[in-house]
Amino acid sequence: MNGMAAMVGRRAMLVLGAGALGLTVAGRQAGRGDGGAPWRWGVDYGPATDPVLARQLDLLVLEPDHPRAIDRLRGPGGLLLGYVSLGEVQKARPYFAALDRAGALRAPNPHWPEARHADLRHPAWRAALLDSVVPAILARGYDGIFMDTLDNAEAMEQADPIGSKGMVAAGAALVAALRARFPGIRLMLNRGYAALPEVAPHIDYLLGESMASRWSFADKRYEMLSDSDWAWQAARLRAAKARHPDLVLTTLDYWDPADRRTVVALYARERAAGFSPYVATLALDHLVAEPAG
């Protein structure tokens, strides 16, 4: 998921899944909100988040570069996380040019050429995240960060085993460094399965994106994934929770909200498996309320 709406879709192309719950978050049980209601979370990278829907959530991921006051979006006991892409940098980011000059950026993402892959081994990228990018997000009042595109490290190593050697290990070390530098903040990770055995103890929330459903770029429609695809991702998320029992496992599915029956079924399926789900449109540019069962 990317902070800019156009960047979001590429991760929906990947076929991956979810796990089980348990952790006290801001005085609440991770699987339950106030009054025994399900623990709820959401994502909105748009510039005008609906405050009524936002305040109903226990955790909300936002694009931090939108100029706005965020306190009105925080419900009682709720947490707000700012988006950070670990594995690539979009040209619109204010730190893009400096990283490019330092040689920390690599080839453009072939699906989204306005973004360049980041070399997670490069000291300039590490320094930018630790000393500038994340502190700026926290200074805006966020409780932590949502870390995206760590999967890029594995993809780069597979595509170029020699030139990208050590990329996954560098990604894992970067997450550990973020935890060490900011021990009190909340860290949420989207997938990053190759690094997850090392990363799991350092994070608070783990996301399985495109768990049961996704957007098909080839067919230009939403589609369901196979049970084996779901199970593949679920196994990895559950393995992470076995390594770090306090880890909260969440899922993100994509579907047309007008198809209420399918959306209700997606929520029910993920909750029955012990996950905290959110179902949204591909753009992730506004909050989509969960329909009443």
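The values are calculated or read from the model by the stated rules, or taken from the named source; none is laboratory data. A quick note: this is a predicted structure, and the numbers were derived from the prediction, not measured. Backbone-built Cβ (ideal geometry, glycine too); neighbour counts: all protein chains shown. With ligands, DNA and RNA removed, areas are computed over all heavy atoms of the protein, side chains included. Shrake-Rupley method; radii C 1.70, N 1.55, O 1.52, S 1.80 Å.
Of 238, 269, 116, the residue with the greatest mean-square motion in the GNM of the chain, using alpha carbon springs below 10 Å, is 269.
Axis angle, to the nearest 10 degrees, between helix 260-272 and the longest C-alpha principal axis of the chain: 80 degrees.
Highest mean packing comes first when the peptides 166-173, 189-196, 46-53 are listed by Cβ atoms within 10 Å, giving 189-196, 166-173, 46-53. Normalised by the number of residues in the chain, the mean separation of alpha-carbon contacts (under 8 Å, six or more apart) gives a relative contact order of 25 percent.
With respect to the chain, whose longest principal axis is taken over its alpha-carbon atoms, helix 227-243 is tilted by about 80°.
Of the accessible area of region 92-160, computed with a 1.4 Å probe over protein heavy atoms only, carbon and sulfur atoms account for 55 percent. For the chain, the solvent-accessible area with a 1.4 angstrom probe is 40 square angstrom per residue. Between residue 261 and residue 180, the distance separating the two model label sites (each 7 Å from Cα on the Cα→Cβ line) works out to 5.5 nm.
Taking 61, 279, 133 in turn, the Gaussian network model of the chain (Cα-Cα springs below 10 Å) assigns the largest fluctuation to 133. Sequence-distant contacts, meaning Cα pairs under 8 Å at least 6 residues apart, place the relative contact order of region 55-114 at 30 percent. Near residue 222, once Lys and Arg are set to +1 and Asp and Glu to -1 for all other residues with Cβ below 13 Å from its Cβ, the sum equals -2. Listed options for percent of Cα pairs over 33 Å apart are (i) 21; (ii) 51; (iii) 15. The value calculated from this structure is the one marked (iii).
Under 14 Å from the 7 Å Cα→Cβ point of residue 69, by amide nitrogen: which residues of region 130-153? Taking a point 7 Å out along Cα→Cβ of residue 69, the residues of region 130-153 whose backbone N falls under 14 Å are 141. Rg and Dmax over the alpha-carbon atoms of region 216-293 stand at 13.6, 39 Å. Just checking the listed ones, 45, 95, 205: in the Gaussian network model of the chain with Cα springs under 10 Å, the one fluctuating most is 95.
Element breakdown for region 214-293 at a 1.4 angstrom probe: carbon and sulfur atoms account for 55% of the accessible area.
Given an 8 Å cut-off on Cα distances and at least 6 residues of separation, report the relative contact order of region 40-164 as a percent. The value is 24 percent. Every helix of 4 or more DSSP H residues in the chain counts as -39500 (n - 2.57), and over all residues that averages to -8000 deg cm²/dmol at 222 nm.
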